[in-house]
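The values are calculated or read from the model by the stated rules, or taken from the named source; none is laboratory data. Only a predicted model underlies this, so the values are computations on that prediction, with no experimental measurement involved. As a convention, Cβ positions derive from the backbone with ideal geometry for all residues, glycine included, and neighbour counts pool all protein chains shown. Areas reflect the complete protein model, heavy atoms only, side chains present, ligands, DNA and RNA absent. Shrake-Rupley method; radii C 1.70, N 1.55, O 1.52, S 1.80 Å.
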Amino acid sequence: MKNLNNNLQKEKIRDWLIAAGLLLFVFVLIFVLEQILPRTSMLFTVLKKGAIYALVAVSMNLLNGFTGLFSLGQAGFMMIGAYTYAVFTIPVALRPAVYQYFDGGLIQFAIPVFAAILLAGLVAALFAFLIGLPVLHLKSDYLAIATLGFAEIMRALFQWDKLGVITNGSNLLRKYPVFRSTLFPFFVSGICIALIVLLINSTYGRAFKAIRDDEVAAEAMGINLASHKRLAFTISSFFAGISGALLAMFQTTIQANQFKSAMTYEILLIVVIGGIGSVSGSVVSSMLFIACSEWWLRFLDNNNLMIGDFRVPLLRPGFRKVVFAVVIMLIVIFYQRGIMGESEFSIKGMKKFFKNCCKKIGKKNAAKNGGAK
């Protein structure tokens, strides 16, 4: 038993070292690409937005996949984080130009970028804690409807003119600090996702999984259901708030209308495609989702696309979304558990995957040879 535990510990350490090595390689690769390619390249847009969506998808997976709470309020918490970051980082000298209808706004100071990002997560977590007190007694679809309603109420509230001295009403928030390098969102998202993984592998993470699998059994084992659900909900919202701050930096302007329920559905779709209960699946599917929707399928919107002398029919603005929806439907139908299922990227998993592939190829070859005889 002791040897088995030692081997498992060594495998975990090896997987962490490999993950750290891969992350370092990605950072170096991005740095090199930034020196070679123009900053306006679509590749950097996809990488930045993909990193931001990876964080919010993993935060939703913590709640939906690992704790079994079906929440649809992620866009609302992202909005709170985005507004918190923007409000507290706009330089004082530029506030009259931003809050031109509200006499420069109520807040007349600015804080550093990293402090604002942390504050964005904390404010979102505070809202989640307060909202969680009544709504976490609900289950399944009822919880989803309640959290979705909260997000819509917050979106309307942030556009209310009475709060304009803080939120700027229905006007844009702008002129706050933004990131220039693709490394920044990767750095922040990487640290946050690593913290979520550590939480999932801790005793709290095991308690979350126990609640997901069987609430009655978890309570019988001494797990405080209300406390752990509230903790998962608050932590998930904290990281959603940070991703909202990063999205504000990416978009350079913020308005409440950008955080509609469609954003939550996109995040949920990313989680389902990647695998409910898989962190690495959420990261991979985020990159694929953003790459397809923002880059790879954009040629489908060109109604003048020519192949030689032949004009491709059907193509027109918006056709990309139709094809993208069909592709997603096919993925969901044929990969019902997502790309990764509940598995995570690991050397052991990769070996198992390649071994299964080799077995399948071997069986097919044997069947062909047998048929030839």
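Does ALA86 satisfy the condition of being in contact with a Leu (Cβ under 7 Å, 6 or more places away or on another chain) and within 16 Å of LEU172 (Cα to Cα)? Yes: the conditions hold for ALA86.
Looking at the range 99-114, can you tell me whether even one residue there is crowded, with 23+ Cβ neighbours inside 10 Å, more than 22 Å from SER261 (Cβ to Cβ) and not small (Gly, Ala, Ser)? Checked the range 99-114: at least one residue is crowded, with 23+ Cβ neighbours inside 10 Å, more than 22 Å from SER261 (Cβ to Cβ) and not small (Gly, Ala, Ser).
Being more than 22 Å from ARG337 (Cβ to Cβ), open to solvent by 20 Å² or more (accessible area, probe 1.4 Å) and of a type outside the set (Ser, Thr, Tyr): is that true of ALA220 here? Working first, answer last.
On the way: more than 22 Å from ARG337 (Cβ to Cβ): yes; open to solvent by 20 Å² or more (accessible area, probe 1.4 Å): yes; of a type outside the set (Ser, Thr, Tyr): yes.
So ALA220 passes the test.
Annotation: of all residues in the range 119-133 being in contact (Cβ under 8 Å) with a residue 12 or more places away in the chain and open to solvent by 40 Å² or more (accessible area, probe 1.4 Å), the one that is farthest from the chain's Cα centre (by Cα) is LEU133.
Would you mind stating whether MET263 is of a type outside the set (Asp, Glu), within 15 Å of the chain's Cα centre (by Cα) and assigned to a helix (DSSP H, G or I)? I'd like the intermediate steps shown before the answer.
Numbers: of a type outside the set (Asp, Glu): yes; within 15 Å of the chain's Cα centre (by Cα): yes; assigned to a helix (DSSP H, G or I): yes.
When the stated conditions are applied, MET263 passes them.
State which residue is modelled with the lowest pLDDT when the search covers only the range 300-321 and only residues that are among the hydrophobic types (A, V, I, L, M, F, W, C) and loosely packed, with under 12 Cβ neighbours inside 10 Å. Per the criteria, the residue is MET306. Can you report the number of residues in the range 245-260 which are assigned to a helix (DSSP H, G or I), open to solvent by 40 Å² or more (accessible area, probe 1.4 Å) and over 23 Å from PHE186 (Cβ atoms)? Looking only at that region, the number is 1.
Please determine whether any residue of the range 333-348 is within 25 Å of VAL271 (Cα to Cα), at pLDDT below 75 and assigned to a helix (DSSP H, G or I). Looking for residues that are within 25 Å of VAL271 (Cα to Cα), at pLDDT below 75 and assigned to a helix (DSSP H, G or I), one finds at least one in the range 333-348, hence yes. For the range 157-179, filtering for residues that are open to solvent by less than 50 Å² (accessible area, probe 1.4 Å), in a helix (DSSP H, G or I) and out of contact with any strand residue (DSSP E or B) (no Cβ under 9 Å at 6 or more places or on another chain) leaves 2.
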